[in-house]
1. First select every other residue whose beta carbon is under 13 angstrom from the beta carbon of G123; then total the charges, Lys and Arg +1, Asp and Glu -1.
2. Between Y40 and D107, what's the calculated FRET efficiency when r is the beta-carbon distance and R0 is 30 Å? Round to 0.05.
3. Give the carbon-plus-sulfur fraction of the accessible surface of the chain in %, rounded to a whole number; probe 1.4 Å, heavy atoms of protein chains only.
4. What aspartates and glutamates could a cross-link reach from K87, if we take a straight Cα to Cα line under 19 Å and drop same-chain neighbours fewer than 8 places away?
5. Enter the accessible area per residue of the range 130-181 (Å², integer; probe 1.4 Å; all protein chains in place).
6. Measuring from label point to label point, each 7 Å out along Cα→Cβ, what is the A2 to K87 span in nm?
7. Keeping all protein chains in place and using 1.4 angstrom, which order do I67, I142 fall into by accessible surface area, from largest down?
8. Under 16 Å between alpha carbons, and skipping anything fewer than 8 positions from K150 in its own chain: which lysines qualify?
Amino acid sequence: MATYSVIAAGFGGQGVMLMGKIIAEAAMHDGKKVTWLPSYGPEMRGGTANCTVVISDEDIGSPVVDIPDVVIAMNIPSMFKFEKELKKDGILLLNSSVIDRDPTRKDVKVFKIDANKIADEIGNVKVLNMVTLGAFAKASGIITFDSIKKALEETMTGKKKVFLDINIKAVQEGMNKVEEA
(Lines give C-alpha, C1' and ligand atoms only; values in the text may rest on other atoms or scores of the structure.)
Protein backbone atom coordinates (compact mmCIF):
# COMPACT_ATOMS: atom_id res chain seq x y z
CA MET A 1 0.00 0.00 0.00
CA ALA A 2 1.36 3.37 -0.95
CA THR A 3 -1.43 5.86 -0.26
CA TYR A 4 -5.13 5.21 0.30
CA SER A 5 -7.81 7.92 0.50
CA VAL A 6 -11.33 7.85 1.93
CA ILE A 7 -14.15 10.38 1.83
CA ALA A 8 -16.94 9.78 4.36
CA ALA A 9 -20.01 11.96 3.90
CA GLY A 10 -23.54 12.35 5.26
CA PHE A 11 -25.84 14.57 7.24
CA GLY A 12 -24.59 16.23 10.41
CA GLY A 13 -25.58 13.99 13.31
CA GLN A 14 -24.89 10.71 11.47
CA GLY A 15 -21.46 10.42 13.09
CA VAL A 16 -19.43 10.93 9.92
CA MET A 17 -16.68 12.92 11.64
CA LEU A 18 -16.28 10.38 14.43
CA MET A 19 -16.17 7.57 11.88
CA GLY A 20 -13.38 9.39 10.00
CA LYS A 21 -11.43 10.00 13.20
CA ILE A 22 -11.69 6.34 14.21
CA ILE A 23 -10.51 5.27 10.73
CA ALA A 24 -7.51 7.60 11.09
CA GLU A 25 -6.69 6.49 14.63
CA ALA A 26 -7.08 2.81 13.73
CA ALA A 27 -4.70 3.27 10.80
CA MET A 28 -2.16 4.84 13.18
CA HIS A 29 -2.46 1.78 15.41
CA ASP A 30 -1.70 -0.28 12.31
CA GLY A 31 1.53 1.70 11.88
CA LYS A 32 0.35 3.99 9.06
CA LYS A 33 0.71 7.72 8.60
CA VAL A 34 -2.60 9.57 8.38
CA THR A 35 -4.36 12.87 7.85
CA TRP A 36 -7.96 13.68 8.75
CA LEU A 37 -9.65 16.72 7.22
CA PRO A 38 -13.21 17.64 8.29
CA SER A 39 -15.61 19.73 6.22
CA TYR A 40 -18.91 20.98 7.62
CA GLY A 41 -21.92 22.47 5.86
CA PRO A 42 -23.60 25.63 7.13
CA GLU A 43 -25.38 23.74 9.91
CA MET A 44 -23.93 21.03 12.10
CA ARG A 45 -26.82 18.65 12.86
CA GLY A 46 -28.90 18.08 9.75
CA GLY A 47 -26.51 19.91 7.41
CA THR A 48 -23.99 18.19 5.21
CA ALA A 49 -20.73 16.98 6.64
CA ASN A 50 -17.81 15.09 5.21
CA CYS A 51 -14.27 14.27 6.05
CA THR A 52 -11.28 13.03 4.14
CA VAL A 53 -8.85 10.50 5.56
CA VAL A 54 -5.56 9.77 3.83
CA ILE A 55 -3.66 6.67 4.95
CA SER A 56 -0.12 5.91 3.81
CA ASP A 57 3.09 4.07 4.53
CA GLU A 58 4.92 7.24 3.49
CA ASP A 59 4.75 10.92 4.44
CA ILE A 60 1.54 12.57 3.20
CA GLY A 61 1.98 15.73 1.19
CA SER A 62 -1.59 17.01 1.46
CA PRO A 63 -4.84 16.03 3.19
CA VAL A 64 -6.82 17.19 0.13
CA VAL A 65 -8.07 14.43 -2.18
CA ASP A 66 -9.47 14.90 -5.68
CA ILE A 67 -9.95 11.25 -6.61
CA PRO A 68 -10.64 9.06 -3.54
CA ASP A 69 -10.13 5.30 -3.38
CA VAL A 70 -13.23 4.91 -1.19
CA VAL A 71 -16.42 6.92 -0.79
CA ILE A 72 -18.65 6.19 2.20
CA ALA A 73 -22.03 7.79 1.49
CA MET A 74 -24.48 7.93 4.38
CA ASN A 75 -27.21 9.76 2.39
CA ILE A 76 -28.38 10.43 -1.16
CA PRO A 77 -26.84 13.92 -1.54
CA SER A 78 -23.46 12.51 -0.49
CA MET A 79 -23.71 9.69 -3.02
CA PHE A 80 -24.59 12.17 -5.78
CA LYS A 81 -21.77 14.54 -4.83
CA PHE A 82 -18.90 12.09 -4.33
CA GLU A 83 -19.73 9.10 -6.55
CA LYS A 84 -18.45 10.92 -9.64
CA GLU A 85 -15.13 11.70 -7.94
CA LEU A 86 -14.37 8.09 -6.98
CA LYS A 87 -11.51 6.46 -8.83
CA LYS A 88 -12.19 3.65 -11.32
CA ASP A 89 -12.38 0.30 -9.47
CA GLY A 90 -12.73 2.19 -6.19
CA ILE A 91 -15.11 1.26 -3.40
CA LEU A 92 -18.50 2.94 -2.97
CA LEU A 93 -20.03 2.04 0.39
CA LEU A 94 -23.69 3.04 0.72
CA ASN A 95 -26.00 3.25 3.72
CA SER A 96 -28.93 1.46 2.08
CA SER A 97 -31.22 2.42 4.98
CA VAL A 98 -31.25 5.94 3.58
CA ILE A 99 -30.06 5.57 -0.03
CA ASP A 100 -32.92 4.00 -1.94
CA ARG A 101 -31.39 4.12 -5.43
CA ASP A 102 -28.47 2.62 -7.26
CA PRO A 103 -25.37 4.58 -8.13
CA THR A 104 -24.81 5.50 -11.76
CA ARG A 105 -21.20 4.29 -11.89
CA LYS A 106 -20.65 0.76 -13.17
CA ASP A 107 -16.84 0.84 -12.92
CA VAL A 108 -16.65 0.79 -9.10
CA LYS A 109 -17.23 -1.85 -6.41
CA VAL A 110 -20.49 -1.10 -4.61
CA PHE A 111 -21.24 -2.31 -1.09
CA LYS A 112 -24.61 -1.64 0.50
CA ILE A 113 -25.07 -1.82 4.25
CA ASP A 114 -28.45 -1.38 5.97
CA ALA A 115 -26.72 0.56 8.74
CA ASN A 116 -29.75 2.15 10.43
CA LYS A 117 -31.61 -1.16 10.63
CA ILE A 118 -28.58 -3.06 11.94
CA ALA A 119 -27.89 -0.36 14.53
CA ASP A 120 -31.53 -0.42 15.63
CA GLU A 121 -31.41 -4.21 16.00
CA ILE A 122 -28.27 -3.87 18.14
CA GLY A 123 -30.17 -1.51 20.41
CA ASN A 124 -29.17 2.04 19.49
CA VAL A 125 -29.62 3.64 16.06
CA LYS A 126 -26.88 6.14 16.93
CA VAL A 127 -24.22 3.47 16.29
CA LEU A 128 -25.05 3.39 12.57
CA ASN A 129 -21.69 5.07 11.92
CA MET A 130 -19.87 2.22 13.66
CA VAL A 131 -21.83 -0.35 11.65
CA THR A 132 -20.69 1.49 8.53
CA LEU A 133 -17.13 1.68 9.86
CA GLY A 134 -17.09 -2.10 10.26
CA ALA A 135 -18.39 -2.51 6.72
CA PHE A 136 -15.63 -0.18 5.47
CA ALA A 137 -12.96 -2.17 7.32
CA LYS A 138 -14.15 -5.45 5.84
CA ALA A 139 -14.71 -4.13 2.28
CA SER A 140 -11.40 -2.28 2.05
CA GLY A 141 -9.10 -4.41 4.24
CA ILE A 142 -7.21 -1.23 5.07
CA ILE A 143 -7.69 -1.26 8.87
CA THR A 144 -8.05 -4.15 11.28
CA PHE A 145 -10.71 -4.91 13.85
CA ASP A 146 -8.09 -4.86 16.62
CA SER A 147 -6.92 -1.37 15.62
CA ILE A 148 -10.53 -0.12 15.51
CA LYS A 149 -11.13 -1.56 18.96
CA LYS A 150 -8.03 0.21 20.33
CA ALA A 151 -9.11 3.50 18.75
CA LEU A 152 -12.60 3.15 20.25
CA GLU A 153 -11.14 2.33 23.68
CA GLU A 154 -9.07 5.53 23.52
CA THR A 155 -12.05 7.60 22.36
CA MET A 156 -14.72 6.16 24.68
CA THR A 157 -13.34 7.34 28.00
CA GLY A 158 -15.00 8.84 31.06
CA LYS A 159 -18.79 9.00 30.73
CA LYS A 160 -18.58 7.71 27.14
CA LYS A 161 -17.08 4.40 28.33
CA VAL A 162 -20.60 2.98 28.84
CA PHE A 163 -21.00 3.09 25.03
CA LEU A 164 -17.81 1.16 24.26
CA ASP A 165 -19.34 -2.33 24.11
CA ILE A 166 -22.24 -1.37 21.84
CA ASN A 167 -19.87 0.47 19.49
CA ILE A 168 -17.57 -2.54 19.28
CA LYS A 169 -20.57 -4.78 18.63
CA ALA A 170 -21.74 -2.41 15.89
CA VAL A 171 -18.34 -2.59 14.17
CA GLN A 172 -18.44 -6.40 14.33
CA GLU A 173 -21.98 -6.50 12.89
CA GLY A 174 -20.98 -4.16 10.07
CA MET A 175 -18.04 -6.40 9.22
CA ASN A 176 -20.30 -9.46 9.25
CA LYS A 177 -22.89 -7.94 6.88
CA VAL A 178 -20.60 -6.86 4.03
CA GLU A 179 -21.48 -8.24 0.63
CA GLU A 180 -20.69 -6.65 -2.71
CA ALA A 181 -23.87 -5.51 -4.50
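The values are calculated or read from the model by the stated rules, or taken from the named source; none is laboratory data. Predicted model, so just to flag it, every value in this text is computed and none were measured. Quick reminder, even Gly has a Cβ in these numbers, built from the backbone with ideal geometry, and neighbours come from all protein chains shown. Just the protein is used for accessible areas: all its heavy atoms, side chains included, with ligands, DNA and RNA removed. Shrake-Rupley method; radii C 1.70, N 1.55, O 1.52, S 1.80 Å.
1. Details: positive: K117, K126, K169; negative: D120, E121, D165, E173.
After counting each charged neighbour, the total is -1.
2. Calculated transfer efficiency: 0.50.
3. Of the solvent-accessible surface of the chain, carbon and sulfur hold 50 percent.
4. By straight Cα distance, K87 reaches D66, D69, D102, D107, E180.
5. 53 Å²
6. The answer from the label model is 0.8 nm.
7. Working: I67 110, I142 25 Å².
Ranked list, largest accessible area first: I67, I142.
8. Those lysines meeting the cut-off are K21, K32, K160, K161, K169.
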